[in-house]
């Protein structure tokens with residue numbers, strides 16, 4: 001089964017295209033920078049470098065900003081349960097949900113910093129990773145600071161002073177619920193990072209790990225949006241389900257791009273011998289490419305560009321590139337199905353836009 | 001100036017000796033174990049091993065429990081502002097403060113796990129450290145989980161369900177304030193861990209780093225105890241001041257023991273060429289031992305047992321061992337001075353006991 005445009009078009013076109021991400025960045029970044037500014041100097045320097053705001057000496061730079069998928073999901077979920085909808089030009093969509101958008105972005109970047117440091121990855125957003133630039137310890141400690149900061153930002157929403165410090169924000173009764181949701185999510189995320197390092201994973205494990213590594217934080221993002229947008233328990237549960245399925249779709253897309261994507265990402269998972277979803281699926285199906293994958297992954301010598309190109313071609317010939325697309329689409333449809341009947345149809349536009357962008361993106 | 005018994009006895013004898021630590025362990029451990037039991041399996045295994053509860057295969061073991069200094073400080077501070085005082089036999093001193101005692105112990109162990117992993121330290125509580133047993137990544141990730149869990153445990157105190165799940169606990173209005181206090185503390189702690197790795201520290205830096213590495217969490221512990229014990233803002237501020245001074249005293253004692261302590265710890269800071277407080281003080285004072293320290297710390301070859309013994313003797317001959325005791329006593333007295341007039345005299349017994357135990361301990 002191959003991915004066809006017909007399949008993709010089952011998901012209605014978004015109302016505003018990728019504007020949901022740009023808007024989320026615009027709305028979230030000032031609050032994110034304010035939170036980071038509260039950190040002590042050594043840590044702040046590493047964090048600002050990691051976000052691409054400053055070079056290693058602390059001078060402003062204009063790096064490539066991150067996608068802001070998680071903040072977008074928080075804000076769009078908050079709107080979907082009755083927050084104030086705004087046009088792309090507005091910069092204050094659902095003020096109550098902004099701290100949650102900041103918190104999930106902080107947790108996401110905590111996990112990026114720790115992943116890079118533990119795996120020795122060299123590049124992040126077209127610059128040397130923080131662990132390469134400042135050393136493993138500094139990157140780990142900066143990640144620690146971001147994790148604590150995420151909870152601090154959520155706690156600030158419950159604090160009387162929050163309303164004064166951030167005009168538009170109000171003391172929110174769901175702050176403790178939000179912190180517990182985030183706490184449980186970090187436990188899942190970390191467990192996924194630990195399990196990912198095991199070699200003996202089967203395809204079921206692999207999907208469970210993908211849920212923990214990627215799905216749990218998207219589930220939490222959508223759930224926090226629902227919570228801070230004032231949703232009912234049923235709506236929050238529906239949004240969490242949406243986020244969880246979206247997470248699996250996002251992981252399948254990432255895994256596809258890290259074998260068959262553009263020049264920046266292509267073959268990267270094969271070079272690192274990562275047991276991504278299509279790789280484990282190929283091994284489990286005992287398809288013709290399985291033997292070649294097993295051989296390449298079992299060897300200890302560095303894989304050459306020729307090796308990885310051949311592997312990618314063999315996996316594609318066996319249909320694993322298409323499998324990624326098909327499976328991703330299936331989870332995107334499952335994500336949208338979660339919204340019925342809790343989220344009114346007229347509020348699903350931007351959630352659909354996010355789902356479509358997650359499936360269609362090419363980097 | 002040397003440390004004399006006369007000096008020490010300026011601090012009145014404790015009412016109950018080291019019972020404050022034993023009681024804190026007894027009261028805190030069940031809640032700590034319950035919190036850790038909520039973690040997913042891979043992470044929980046590493047954490048339980050780190051705490052000395054299980055061997056690396058998950059079988060029960062009876063390791064040496066930690067000192068529980070931080071939980072003791074939380075509970076004693078809570079009592080000092082009017083919590084329910086209880087005898088040593090009781091196991092439910094100040095129930096409202098127990099989650100805070102668990103949270104600070106979790107944060108302390110997060111920092112131990114990350115320190116061991118980043119420094120490659122081999123032993124912890126008479127067993128191989130978690131980073132040696134399970135690998136650096138697993139230890140870092142387990143630390144991450146403990147950090148998130150600490151905030152989760154605090155958030156649970158604000159949650160209506162907390163009162164049901166933990167009989168005796170009640171939903172606490174200070175939960176968000178507590179989370180913010182802990183968030184700021186972790187930022188300090190991490191900054192201290194980062195700065196400690198710099199080579200160019202002066203004595204002032206060294207005391208500031210000691211405050212961040214050790215003082216900040218003791219300040220937070222005493223402050224959280226005051227908060228959950230229902231103290232006034234002035235009482236909470238007094239307790240925080242007590243904890244901060246106690247932290248410097250504790251660091252000076254640790255630094256003394258890690259050069260001149262018993263067989264387990266003696267010379268350990270010299271072997272690792274750690275720029276601890278007495279070492280930096282000796283270098284700053286340009287005392288006769290300074291040249292030998294500079295030489296030994298500047299060399300790249302591993303220091304032999306003879307080298308470290310000679311260095312320890314040279315530093316002691318210059319008075320730096322006594323300096324640690326004198327300075328520690330000074331900070332202990334400053335700690336007790338903080339309690340005047342906020343904490344009534346009859347409630348200071350156990351705070352004095354902790355201060356005395358921190359200064360007098362020999363391991």
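For this structure, a couple of remarks:
- Among the conditions (1) modelled with pLDDT under 95; (2) within 13 Å of another protein chain (Cβ to nearest Cβ); (3) under 16 Å from residue A:28 (Cβ atoms), residue A:161 misses just one, which is (3).
- Candidates in region A:102-156 are the residues that are in contact (Cβ under 8 Å) with a residue 60 or more places away in the chain and part of a strand (DSSP E or B); of these, the one that is farthest from the other protein chains (Cβ to nearest Cβ) is A:127.
- Residue B:239 being part of a helix (DSSP H, G or I), in contact with a helix residue (DSSP H, G or I) (Cβ under 7 Å, 6 or more places away or on another chain) and closer than 20 Å to residue B:217 by Cα: yes
- Inside region A:125-160, residues that are under 16 Å from the mean Cα position of the chain (by Cα), farther than 19 Å from residue B:143 by Cα and surrounded by 24 or more Cβ atoms within 10 Å (Cβ to Cβ) make up a count of 0.
- Among the residues of region B:185-196, the one identified as more than 7 Å from chain A (Cβ to nearest Cβ) and under 17 Å from residue A:153 (Cα atoms) is B:185.
- So residue A:216, is it within 14 Å of chain B (Cβ to nearest Cβ) and at pLDDT 95 or above: yes
- The set of residues in region B:43-70 being assigned to a helix (DSSP H, G or I), under 21 Å from the mean Cα position of the chain (by Cα) and without any contact (Cβ under 8 Å) to a residue 60 or more places away in the chain consists of B:48 alone.
- For the condition assigned to a loop (DSSP other than H, G, I, E, B) and either touching a helix residue (DSSP H, G or I) at 6+ places or on another chain (Cβ under 8 Å) or buried (at least 16 other Cβ atoms within 10 Å of the Cβ) (or both), residue A:315 does not qualify.
- Only a single item in (1) under 17 Å from residue A:119 (Cβ atoms); (2) touching a helix residue (DSSP H, G or I) at 6+ places or on another chain (Cβ under 6 Å) is not met by residue A:223, and it is number (1).
- Residues of region B:197-207 that turn out to be within 13 Å of chain A (Cβ to nearest Cβ) and within 16 Å of the chain's Cα centre (by Cα), as a count: 0
- Selection status of residue A:76, at pLDDT below 95 and either more than 14 Å from every other protein chain (Cβ to nearest Cβ) or within 15 Å of the chain's Cα centre (by Cα) (or both): yes
- The single condition among (1) surrounded by fewer than 20 Cβ atoms within 10 Å (Cβ to Cβ); (2) more than 18 Å from residue A:42 (Cα to Cα); (3) away from every other protein chain (no Cβ under 14 Å) that residue B:248 does not satisfy is (1).
- Evaluation of residue B:87 against (1) at pLDDT 95 or above; (2) in a loop (DSSP other than H, G, I, E, B) (one fails), failing number: (1)
- Flag if residue B:182 is within 12 Å of chain A (Cβ to nearest Cβ), under 23 Å from residue A:178 (Cβ atoms), within 19 Å of the chain's Cα centre (by Cα) and at pLDDT 95 or above: yes
- Matching residues in region B:218-234 - criterion: being buried (at least 24 other Cβ atoms within 10 Å of the Cβ) and part of a helix (DSSP H, G or I): B:218, B:219, B:220, B:221, B:222, B:223, B:224, B:225, B:226, B:227, B:228
- Filter result for residue A:266 (out of contact with any strand residue (DSSP E or B) (no Cβ under 6 Å at 6 or more places or on another chain), surrounded by 16 or more Cβ atoms within 10 Å (Cβ to Cβ) and closer than 26 Å to residue A:188 by Cβ): no
The values are calculated or read from the model by the stated rules, or taken from the named source; none is laboratory data. Because the structure is a prediction, the values reported are computed rather than measured. Cβ coordinates were reconstructed from backbone atoms using ideal geometry, including for glycine residues, and neighbour counts include every protein chain displayed.
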